[in-house]
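S.K.: Quick one: structure below, then a few questions.
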């Protein structure tokens, strides 16, 4: 495997990426959001000032619950500058969803928008410090006295604690070192080169998401370019940003590309400045790719990875023919193998489906306080992804299925067991089971099936309202159907394949 030096890479921490840009282009615009902007000199100063406030978190974790804006970009780098791991959490999570993540990470400090303070405080462990982030947050940082000299950051220390779901229902904290994250930037640059000082990246994805950080925050800073942050996605806002800022790169998920294709305002001239789009977080259909390129003339490069992989393992890139359905070849310094999904060790030949395993310098150190889960995922230096795929004779990877019981809804991992548990907690529900089904807009959607308790007759509306109280929006079922009983396999387990077939049959009936 290639070491960092073999990739021509001399930056060993996430902070080196920002520091290089601030030194080379201090007066260039670094961040733009809703009419506000920061130069690289201001960006670095704000990061240093916040890092000084977070000094107590050194060697621990800073939890970040911030919506898209200048604040979250500063907070991610600042927590790492302070010597802490940044744990970005969805600010729309409910107390029930937040509590286990905050309990496991035991953050020294939690940064959250002031209007979220009551909810976050209810989820924090006893004694947890909550720092509300108000409207004057950025101005206050810029006005703060010059901080003390920076403390050194060990490249082997943990930079990121990224929570990801699991079939057990409790999220796991993925631990990534500074070196792993920085090297993954170098690996992507080797395949997807940017132009230093000549990039404008528009980010409409939430910056608590690992893909948005990798292909938005880090990509823009590495190129010393401008990151245009949208507070949330709207097709007209995105197109206005691309056209108005002459954007060159657009990282997005398939749902966003599908949305733009369905928007009347999409026109080739409005996106003419784009050099490419990047797709990730969920599979991109061949139909979406073909429609996008026909409508805009802008290529989309698709990649594959997961939080445990730093996060990127493969990418298509310019200069090579695009293979429809492929997520590209392994990044430099990365090995990909297809192995027997049962024994986990027999390497399968090209064209054969099996479990995808990978190794490289970007792979996680392990899960936080989960030795058994770590031992299951990391074996003999390999990361077992839980995904099913195949390699062709050229080494291009094709994703076929998921070994794990997981759906990807609009780019977000959704674990049906969590939805099962929420529905089963309703007083009128005996048991429940949810499945992911194909959805033309979101990639997948959740359909849930519930069995009422004897004598009860819950309505679908009541169950939807119950889910809305306990689940973030993207996890909520698109449909909830009542059954007399759940189908089961011969050994008594809920038959999820039968439920998927039933969901598809109902969809055809409706159509």
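S.K.: Quick one: Cα centre-to-centre distance for the stretch 112-177 and the stretch 427-498, in angstrom?
M.R.: The two parts, judged by their Cα centres, are 34 Å apart.
S.K.: Right, next: Can you give the direction-averaged projected area of the convex hull of the alpha-carbon atoms in the chain, in nm²?
M.R.: 24.4
S.K.: Would you calculate a helix-derived [θ] at 222 nm for the chain, using -39,500 (n - 2.57) for each DSSP H run of n ≥ 4 and dividing by the full residue count, to the nearest 500?
M.R.: -9000 deg cm²/dmol
S.K.: Kindly provide log₁₀ I(q)/I(0) values, in the same order as q = 0.10, 0.19, 0.20, 0.23 Å⁻¹, from the Debye equation applied to equal alpha-carbon scatterers of the stretch 407-510.
M.R.: Treating every Cα as an identical point scatterer, log10 I(q)/I(0) equals -0.25, -0.93, -1.03, -1.32.
S.K.: Can you give the log10 of the normalised intensity I(q)/I(0) at q = 0.08, 0.19, 0.20 Å⁻¹, computed with Debye over equal Cα scatterers of the stretch 112-264?
M.R.: Each listed q maps to, in turn, -0.33, -1.43, -1.42.
S.K.: Subtracting the Cα-Cα distance from 0.36 nm times the residue separation, let me have the gained length for residue 504 to residue 347 in nm, one decimal.
M.R.: Computed gain between residue 504 and residue 347 is 53.1 nm.
S.K.: Taking a quarter of the surface of the convex hull around the Cα atoms of the stretch 349-427, what do you get in nm²?
M.R.: Over all viewing directions, the stretch 349-427 projects a mean Cα-hull area of 7.6 nm².
S.K.: Per-residue counts of other Cβ atoms within 10 Å, averaged by peptide: what ranking do you get for 63-75, 39-51, highest first?
M.R.: 63-75, 39-51
S.K.: While we're here: Which of the peptides 87-94, 386-393 is most tightly packed, and how do the rest follow, judged by the mean count of other Cβ atoms within 10 Å per residue?
M.R.: 87-94, 386-393
S.K.: Mind running the shape call on the stretch 111-153? Use the C-alpha gyration tensor, a ≥ b ≥ c as the square roots of the eigenvalues: rounded below 1.5 for a/c, prolate if a/b tops b/c, oblate otherwise.
M.R.: Because a/c hits 1.5 or more and a/b fails to exceed b/c, the stretch 111-153 counts as oblate.
S.K.: Based on alpha-carbon centroids, what's the gap between the stretch 26-44 and the stretch 217-232 in Å, whole number please?
M.R.: 10
S.K.: May I pose another question? Based on the mean of other Cβ atoms within 10 Å per residue, sort peptides 210-220, 451-461, 110-120 so the most packed one is first.
M.R.: Packing order, densest peptide first, comes out as 210-220, 110-120, 451-461.
S.K.: Quick check: the angle from helix 40-53's long axis to the longest principal axis of the chain, C-alpha only, nearest 10 degrees?
M.R.: Long axis of 40-53 versus the principal axis of the chain: about 70 degrees.
S.K.: Now a separate question. How big is the Rg/Rh ratio for the stretch 70-116, C-alpha atoms only, Rh by Kirkwood, two decimals?
M.R.: 0.95
S.K.: When every alpha-carbon pair in the stretch 137-220 is counted, what percent end up more than 21 Å apart?
M.R.: 53
S.K.: Compute the long axis of helix 14-24 from its Cα atoms, compare it with the longest principal axis of the Cα atoms of the chain, and write down the angle in degrees, 0 to 90, nearest 10.
M.R.: 40
S.K.: Taking the beta-carbon count within 10 Å as an exposure proxy, list 473, 323 from fewest neighbours to most.
M.R.: If I rank by nearby Cβ atoms, fewest first, I get 473, 323.
S.K.: Can I ask one more? Report D for the stretch 1-143 in µm² per second (integer): Stokes-Einstein, Kirkwood Rh on Cα pairs, 25 °C, 0.890 mPa s.
M.R.: For these conditions, the coefficient is 153 µm²/s.
S.K.: With axes computed from alpha carbons, what is the tilt in degrees of helix 178-191 against the longest principal axis of the chain, rounded to the nearest 10 within 0 to 90?
M.R.: 90
S.K.: Grab the eigenvalues of the alpha-carbon gyration tensor for the stretch 212-352, scale each by 5, take roots, and send me the semi-axes largest first in whole angstrom.
M.R.: Equivalent ellipsoid of the stretch 212-352: 30, 17, 13 Å, largest first.
S.K.: Give me the base-10 log of I(q)/I(0) for the stretch 194-263 at each q in 0.14, 0.17, 0.29 Å⁻¹, Debye formula, one uniform scatterer per Cα, rounded to two decimals.
M.R.: Computed log10 I(q)/I(0) values: -0.37, -0.55, -1.38.
S.K.: Provide the percentage of antiparallel DSSP beta bridges, counting only those with both residues in the chain; round to the nearest 5.
M.R.: 60
S.K.: Using the beta-carbon distance between residue 489 and residue 453 and R0 = 25 Å, what value does 1/(1 + (r/R0)^6) give for FRET efficiency, to the nearest 0.05?
M.R.: 0.60
Computed from the coordinates by the stated procedures, all read-outs in this text should not be read as laboratory data. Small disclaimer: the values here were computed from a predicted structure and weren't measured. Here Cβ is always computed from backbone atoms with ideal geometry, including for glycine, and neighbour counts include all displayed protein chains.
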